[in-house]
Amino acid sequence: MSESKYYLRLEEFANNKGYKSINSFAVNALKYKSSEKLNRLKKEGTKPSLDVLLDVSNIFEDFNIHWYVTGEGEMLLSDTKPETTSSETSLASLELDLKRKDFEMKGMLLEFQELKEDVELLKKITSLDEKYIDIVEKKIDESIEKNI
C-alpha cells in the first residue's frame, strides 16, 4: 500500500525538524499519546484533520500549510517569497481559524442544548419532589388528626 501524499509531506516536514519518524514527531513534538492520529494519513485518499493542521502550525510557525495541502511552494514559510506566500498563508490561516471557531461554536451550541435539557430535567425532578413533599405532609396531617 502506498502512503498518501499528506503522510509523506508530514514525514518530510518531521524529518526536516530532526525527527526520525512520524511516531517520534507525534509523541515528542505534538505531544500526542501515540502516532495513531498521524498514521491514519497513511491510507491513500485520507485527508488530514483540522486538529492535526492546527497542532502542527501552532507548534511550528514556519510550517507552510499551503505547501502541505497542495504540494506547491516551499515546505517552510521562511523559504518562501513574502509577497505571494504571506497573503496566501494569511488567508489559509484565517480560513483555518474560521473553521476552528465554527467547530467551537457548534460544540458550544451542543453543550448549551445539553444544559438546557438538564435544566428541564431538574425542573421536572423539583416538581416531583414538591408533589412528594405535599403528599407526605398530607399523610402526616392525617396521621396527627387520627391520633388526636
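General remarks:
- Scoring ILE59 on the criteria (1) among the aliphatic types (A, V, I, L, M); (2) touching a strand residue (DSSP E or B) at 6+ places or on another chain (Cβ under 8 Å); (3) loosely packed, with under 15 Cβ neighbours inside 10 Å leaves a single failure, condition (2).
Results for (1) in contact with a strand residue (DSSP E or B) (Cβ under 8 Å, 6 or more places away or on another chain); (2) open to solvent by 100 Å² or more (accessible area, probe 1.4 Å); (3) under 30 Å from ILE65 (Cβ atoms); (4) in a helix (DSSP H, G or I), shown as yes or no for each residue.
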{"residue": "SER93", "(1), (2), (3), (4)": "no, no, yes, yes"}
{"residue": "LEU98", "(1), (2), (3), (4)": "no, yes, yes, yes"}
{"residue": "GLY107", "(1), (2), (3), (4)": "no, no, yes, yes"}
{"residue": "LEU122", "(1), (2), (3), (4)": "no, yes, no, yes"}
{"residue": "ILE133", "(1), (2), (3), (4)": "no, no, no, yes"}
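- Odd one out for LYS47, checked against (1) loosely packed, with under 14 Cβ neighbours inside 10 Å; (2) at pLDDT 90 or above; (3) not aromatic (Phe, Trp, Tyr): (2)
- The set of residues in segment 62-71 that are open to solvent by less than 40 Å² (accessible area, probe 1.4 Å) and assigned to a helix (DSSP H, G or I) comprises ILE65, TRP67, TYR68.
- A count restricted to segment 24-40 and to residues that are open to solvent by 50 Å² or more (accessible area, probe 1.4 Å), at negative phi and not polar (S, T, N, Q) stands at 5.
- Scanning segment 1-46 for residues being among the hydroxyl-bearing types (Ser, Thr, Tyr) and not in a loop (DSSP other than H, G, I, E, B) gives a total of 3.
- Filter result for PHE25 (hydrophobic (A, V, I, L, M, F, W, C) and under 19 Å from LEU98 (Cα atoms)): no
- With respect to the stated conditions, TYR6 fails to be farther than 21 Å from GLY73 by Cβ and among the aromatic types (Phe, Trp, Tyr).
The values are calculated or read from the model by the stated rules, or taken from the named source; none is laboratory data. Note that the structure is predicted; figures quoted are calculated from it, not measured. Every residue, glycine as well, gets a Cβ built from its backbone with ideal geometry; the counts of neighbours run over all protein chains shown. The protein model used for the area step is the full one, side chains on, heavy atoms only, and it has no ligands, DNA or RNA in it. Shrake-Rupley method; radii C 1.70, N 1.55, O 1.52, S 1.80 Å.
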